[in-house]
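Trainee: Below: one structure in structure tokens.
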Amino acid sequence: MSDSTETTTQQDISHSATRAPAWVWQGPGEPEALEQSEVDIGAPGDDEVLVATRAIGLNPVDWKFMAMDSELWQAGQIPGVDASGEVIACGANVRHVSPGDRIAVHTTLAGPGTFSKRLRVPARAVMRLPVTLGFNDAAAFPCPALTAWLAIDKLPVKAGRRLLITGASGSVGRWLIQLARQRNFHVIGVASEKRHADLKALGADETLADAEQLDAPVFAVIDTVNGDHAHKMTRHLGANGHIVCIQDRLEQAAAPAFDRAISQHEVALGALHWAGDDEDWARLVEAGEGLLEAIADGSMNQPAPCIEPFTALPACLAELKSGERRALKFVITANE
């Protein structure tokens, strides 16, 4: 539960609880162009919660979207999609969480986002945390883990069938290996050789430096690289195989009609914010809370994130974009 100074009632919410420091976007540009400002994010709507931010997870989608001239954003937008914290207040329709609950969330790109010490987020996207799980690990979780879960959920479960995962040493790839092992696929991870021992420890049955080393067709490919790379990977699929794209999508059919009958899939967490119903969200949140429990009890592995202060957020986002530090995950603390 949160301190009494952090918990407020719906009647009190119009006061200082909604004001906080935030990093704001003023127009398309590099991460360093973010400006810190005191903002008022407003009281939660009927289906929203107000959260005191404890940690913020950085993701590639953050810097990618910041560079865009999107109709979704106007000057003053708060970017960010992942965070953890404590619920301060709940909207009138919210029943599954209460003030004082510890939570993680993946919120909509339409914002307001998570680069703030106060969050106003859709209640249906909120996942409750196990008692033993810290805020930093929780903030590192939503985007990579939920993306991996959505990707693996696209595939019909066929125990023993060969599943190829490209970019397997990244944050999403590491989750994919573990989720695929849970479903008893024969998991083949593609990554640089120096990562092979790590991938075997996570449950990969085979590791390759290059997919061209495959000795037989596979049932499915989950590609975490890009659309062009995914299209190249389809040549490794057998009849009635599956290609799942996490970055980009296939704009053309992967094979001629009535040839290998390949099924094409794309993954986007944002799709649930635009078009998902309450049942879709309940299913995702249930899966997310189960995975958070698995991290807490040690049955699933999530690499320790690189922790930095709130003041370092733009610099860390720039490093994530450049790949200079090669951190799997940056998490920004928000309670200093």
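Trainee: If I ask for residues that are in a loop (DSSP other than H, G, I, E, B), touching a residue at least 24 places away in the same chain (Cβ under 8 Å), of a type outside the set (Val, Ile, Thr) and open to solvent by 10 Å² or more (accessible area, probe 1.4 Å), which ones from the range 74-117 would you list?
Mentor: Start the filter on the range 74-117 by keeping residues that are in a loop (DSSP other than H, G, I, E, B), which leaves 74-76, 78-81, 91-101, 107-115, 117.
Retained after the next criterion (residues that are touching a residue at least 24 places away in the same chain (Cβ under 8 Å)): 75-76, 78-81, 91-94, 96-97, 99-101, 107-115, 117.
Next, from what is left, pick out any that are of a type outside the set (Val, Ile, Thr): 75-76, 79-80, 91-93, 96, 99-101, 109-113, 115, 117.
Correct list: Ala75, Gly76, Ala92, Asn93, His96, Pro99, Asp101, Leu109, Ala110, Gly111, Pro112, Lys117.
Trainee: Continuing with this model, one more query. Being open to solvent by less than 20 Å² (accessible area, probe 1.4 Å) and not in a helix (DSSP H, G or I) is the filter; apply it to the range 28-45 and report the residue that is farthest from Val331 (Cα to Cα). Before the answer, list the steps.
Mentor: Narrowing the range 28-45 to residues open to solvent by less than 20 Å² (accessible area, probe 1.4 Å): 31, 34, 41, 44.
When the remaining residues are screened for being not in a helix (DSSP H, G or I), the result is 34, 41, 44.
Details: Leu34: 17, Ile41: 22, Pro44: 25 Å.
Only one residue tops the list, namely Pro44.
Trainee: Please go through the range 250-267 and pick out each residue that is within 20 Å of Asn226 (Cβ to Cβ) and surrounded by fewer than 15 Cβ atoms within 10 Å (Cβ to Cβ). Talk me through it step by step, then tell me what you get.
Mentor: From the range 250-267, those within 20 Å of Asn226 (Cβ to Cβ) are 250-255, 262-267; that's our starting set.
Listed by number, the residues that qualify are Glu251, Gln252, Ala253.
Trainee: Name, by its number, the condition in (1) more than 19 Å from the chain's Cα centre (by Cα); (2) closer than 30 Å to Ala33 by Cα that does not hold for Ala304.
Mentor: (1)
Trainee: Within the range 46-72, count every residue that is open to solvent by less than 10 Å² (accessible area, probe 1.4 Å) and either part of a loop (DSSP other than H, G, I, E, B) or among the polar types (S, T, N, Q) (or both).
Mentor: Count: 3.
Table: residues versus (1) part of a helix (DSSP H, G or I); (2) farther than 30 Å from Arg124 by Cα; (3) in contact with a helix residue (DSSP H, G or I) (Cβ under 6 Å, 6 or more places away or on another chain).
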residue	(1), (2), (3)
Ala197	yes, yes, no
Ala204	no, yes, yes
Ala216	no, yes, no
Phe219	no, yes, no
Ile222	no, no, yes
His231	yes, yes, no
Ala257	no, yes, no
Ala268	no, no, no
Trp274	yes, no, no
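Trainee: Right, next: If you go through the range 299-318 one residue at a time, do you hit one that is open to solvent by less than 30 Å² (accessible area, probe 1.4 Å), without any contact (Cβ under 8 Å) to a residue 40 or more places away in the chain and farther than 12 Å from Ile56 by Cβ?
Mentor: So far as the range 299-318 goes, no, none of its residues is open to solvent by less than 30 Å² (accessible area, probe 1.4 Å), without any contact (Cβ under 8 Å) to a residue 40 or more places away in the chain and farther than 12 Å from Ile56 by Cβ.
Trainee: Can you say whether Ala239 is closer than 24 Å to Arg161 by Cα, surrounded by fewer than 14 Cβ atoms within 10 Å (Cβ to Cβ) and either hydroxyl-bearing (Ser, Thr, Tyr) or modelled with pLDDT of 95 or more (or both), as far as the supplied structure shows?
Mentor: On the way: closer than 24 Å to Arg161 by Cα: yes; surrounded by fewer than 14 Cβ atoms within 10 Å (Cβ to Cβ): yes; either hydroxyl-bearing (Ser, Thr, Tyr) or modelled with pLDDT of 95 or more (or both): yes.
For Ala239, the condition - closer than 24 Å to Arg161 by Cα, surrounded by fewer than 14 Cβ atoms within 10 Å (Cβ to Cβ) and either hydroxyl-bearing (Ser, Thr, Tyr) or modelled with pLDDT of 95 or more (or both) - is met.
The values are calculated or read from the model by the stated rules, or taken from the named source; none is laboratory data. None of the values given here were measured: they were computed from a predicted structure. Cβ: placed from backbone, ideal geometry, glycine included. Neighbour counts: every protein chain shown. SASA here: full protein model, heavy atoms, side chains in, ligands and nucleic acids out. Shrake-Rupley method; radii C 1.70, N 1.55, O 1.52, S 1.80 Å.
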